[in-house]
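A.B. asks: Can you keep this structure in mind? I'll have questions shortly.
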Amino acid sequence: MRSTVTLADIAARTGVSPMTVSCALRGVGRASAQTRRNVLDAARALDYRPNGAAQATATGRFGCVTLLMSTEGPRSTLPADMLHGIHDELARRDMHLATAILPDEQMVTDGAVPRILRKWMSDGLLINYTDHIPAELNHVLESHRIPAIWLNTRRQANCIHFDDETAAHDATAHLLSLGHRRIGYVQTTVLGSVGSAHHSVRDRAAGYARAMVDAGLRPRMVTRASVGESRTDILEPLFDGPDRVTALLTYGQMEAHAAAFVALGRGLHVPRDLSLLTFDYRLTPYLGFHLGAALLPEREAGIEATRMLLELIQHPDRAQPARAVRFSFDAGGSCAPPS
């Protein structure tokens, strides 16, 4: 069996010191670009594999981040693109990701989270726990000085979230720019369900209302539904009489589909008679058109959250400012001037 390749082997092959090899492999120090290339080429040729245990001993770092999630699935919904962003940013830095999925009672037990970090040999946490967050979890993190960044949660610091209010304002402004004045907003999450506690529910409604008030118009909002009341039932009043809405911004795709269904039942055409916008991670084809949307920057959020955590691990006494990630926007094929 071939013996383990060492830094000294790479140094002998390239004619530089083992210290220079170490710095070149880690991307630090003052080695020239050519020296770095030579070292990397030699490492590949010799099939060099870093000694993880030795690196951890020398640096005090394991090169691993743990994603902490709840067993209550809706509280820890993780978009695929966000996970890809986290994974790719860690891979770019030659690090890896572990996952811990815990019930609330175990998550807040004193000592449970620190044990996770030791068990997974992890340097810090990405916390994907977006609502109904146990207050004790904050105490655990602070008392044990655990580097942690919260995903899609709005806090004073050490968090990343989407800028839902600005996105809703800008989407409403787009409808106003087309000439619409009777614009409604629909969010039909039943009171007490998971979405009701998330900041996006408040922020999207607030952004819409601000744009309408700024334009001197009255907001027309459907922001809750009673248990047993369908989305289509609650939308019906928005379509009644000569003052019916000509455009709608909806909290999500389900409300947009319900609105299109109600419009179709009344002989209305999207977008000729009703413009529709929503929030989503991509444009969705529906009833022959692509539903326009404020597009969630999920991959960018995953990358940025990972960078924030690595900075916090490096400097644990420097809290990371809360960061709001801006949406992109695509009107798709569901918007037109009012007829």
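The values are calculated or read from the model by the stated rules, or taken from the named source; none is laboratory data. No experiment lies behind these values; they were computed from the predicted model shown. Quick reminder, even Gly has a Cβ in these numbers, built from the backbone with ideal geometry, and neighbours come from all protein chains shown. For the accessible areas, the whole protein counts, side chains as well, though only heavy atoms, and no ligand, DNA or RNA atoms are used. Shrake-Rupley method; radii C 1.70, N 1.55, O 1.52, S 1.80 Å.
A.B. asks: Filter segment 269-316 down to the residues that are in contact with a His (Cβ under 9 Å, 6 or more places away or on another chain) and modelled with pLDDT under 90, then identify the one that is nearest to His161 (Cα to Cα).
C.D. replies: Leu283
A.B. asks: Could you look through segment 175-190, keep only residues that are open to solvent by 10 Å² or more (accessible area, probe 1.4 Å) and under 24 Å from the mean Cα position of the chain (by Cα), and pick out the one that is modelled with the highest pLDDT?
C.D. replies: Thr189
A.B. asks: Now, a different point. Checking the structure you have, find out if any residue of segment 53-68 is open to solvent by less than 40 Å² (accessible area, probe 1.4 Å), at pLDDT below 85 and over 33 Å from the mean Cα position of the chain (by Cα).
C.D. replies: Checked segment 53-68: no residue is open to solvent by less than 40 Å² (accessible area, probe 1.4 Å), at pLDDT below 85 and over 33 Å from the mean Cα position of the chain (by Cα).
A.B. asks: What number of residues within segment 240-272 satisfy the criterion of being surrounded by 18 or more Cβ atoms within 10 Å (Cβ to Cβ) and either out of contact with any Leu (no Cβ under 6 Å at 6 or more places or on another chain) or of a type in the set (Gly, Ala, Ser) (or both)?
C.D. replies: 13
A.B. asks: Another one. Might you let me know whether segment 192-200 holds any residue that is within 18 Å of Leu296 (Cβ to Cβ), open to solvent by 50 Å² or more (accessible area, probe 1.4 Å), modelled with pLDDT under 90 and touching a helix residue (DSSP H, G or I) at 6+ places or on another chain (Cβ under 8 Å)?
C.D. replies: Yes, segment 192-200 contains a residue that is within 18 Å of Leu296 (Cβ to Cβ), open to solvent by 50 Å² or more (accessible area, probe 1.4 Å), modelled with pLDDT under 90 and touching a helix residue (DSSP H, G or I) at 6+ places or on another chain (Cβ under 8 Å).
A.B. asks: For a quick check of your reading of the model, give me the residue pairs whose first member lies in segment 71-83 and is under 21 Å from Pro297 (Cβ atoms), whose second is open to solvent by 70 Å² or more (accessible area, probe 1.4 Å) and hydroxyl-bearing (Ser, Thr, Tyr), with beta-carbon atoms closer than 7 Å and at least 6 apart or on different chains.
C.D. replies: Filtered contacts from segment 71-83: Pro79/Tyr281; Asp81/Tyr281.
A.B. asks: Now, a different point. Can you tell me which residue within segment 304-339, out of those that are within 12 Å of the chain's Cα centre (by Cα) and open to solvent by 30 Å² or more (accessible area, probe 1.4 Å), is nearest to Tyr251 (Cα to Cα)?
C.D. replies: By that ranking, first place goes to Phe327.
A.B. asks: Is it true that some residue in segment 80-91 is in contact with a Gly (Cβ under 6 Å, 6 or more places away or on another chain), closer than 30 Å to Ser22 by Cα, open to solvent by 20 Å² or more (accessible area, probe 1.4 Å) and at pLDDT 85 or above?
C.D. replies: Checked against the condition, which is being in contact with a Gly (Cβ under 6 Å, 6 or more places away or on another chain), closer than 30 Å to Ser22 by Cα, open to solvent by 20 Å² or more (accessible area, probe 1.4 Å) and at pLDDT 85 or above, segment 80-91 yields no hits at all.
A.B. asks: Does Glu105 satisfy the condition of being at pLDDT below 85 and either outside any loop (DSSP other than H, G, I, E, B) or surrounded by fewer than 17 Cβ atoms within 10 Å (Cβ to Cβ) (or both)?
C.D. replies: On the way: at pLDDT below 85: yes; either outside any loop (DSSP other than H, G, I, E, B) or surrounded by fewer than 17 Cβ atoms within 10 Å (Cβ to Cβ) (or both): yes.
So Glu105 fits the description; yes.
A.B. asks: Of the conditions (1) of a type outside the set (Lys, Arg); (2) out of contact with any Gly (no Cβ under 8 Å at 6 or more places or on another chain); (3) at pLDDT 90 or above, Ala225 clears all except one; give me its number.
C.D. replies: (3)
A.B. asks: I would also like to ask the following. Which residue pairs have Cβ atoms under 7 Å apart, sit 6 or more places apart or on different chains, and have a first residue in segment 109-135 that is surrounded by 18 or more Cβ atoms within 10 Å (Cβ to Cβ) and of a type in the set (Gly, Ala, Ser) and a second that is at pLDDT 75 or above and part of a helix (DSSP H, G or I)?
C.D. replies: From segment 109-135, the pairs are Gly124/Leu309; Gly124/Leu312; Gly124/Ile313.
A.B. asks: Further question: Of everything in segment 280-296 that's touching a helix residue (DSSP H, G or I) at 6+ places or on another chain (Cβ under 7 Å) and under 16 Å from Ala168 (Cα atoms), which residue is surrounded by the fewest Cβ atoms within 10 Å (Cβ to Cβ)?
C.D. replies: Tyr281
A.B. asks: So, one more: Quick check on my filter: what residues within segment 201-216 are open to solvent by less than 10 Å² (accessible area, probe 1.4 Å) and either farther than 12 Å from Asp163 by Cα or touching a residue at least 60 places away in the same chain (Cβ under 8 Å) (or both)?
C.D. replies: Tyr208, Ala211, Met212
A.B. asks: Restricting the search to segment 6-33, which residues are within 38 Å of the chain's Cα centre (by Cα) and not in a loop (DSSP other than H, G, I, E, B)?
C.D. replies: Once the filter is applied, which keeps residues that are within 38 Å of the chain's Cα centre (by Cα) and not in a loop (DSSP other than H, G, I, E, B), segment 6-33 yields Val21, Ser22, Cys23, Ala24, Leu25, Arg26, Ala33.
A.B. asks: Right, here's the next one. Kindly provide the set of residues from segment 241-268 that are at pLDDT below 90 and closer than 17 Å to Arg181 by Cβ, ordered by number.
C.D. replies: Within segment 241-268, Gly241, Pro242 qualify.
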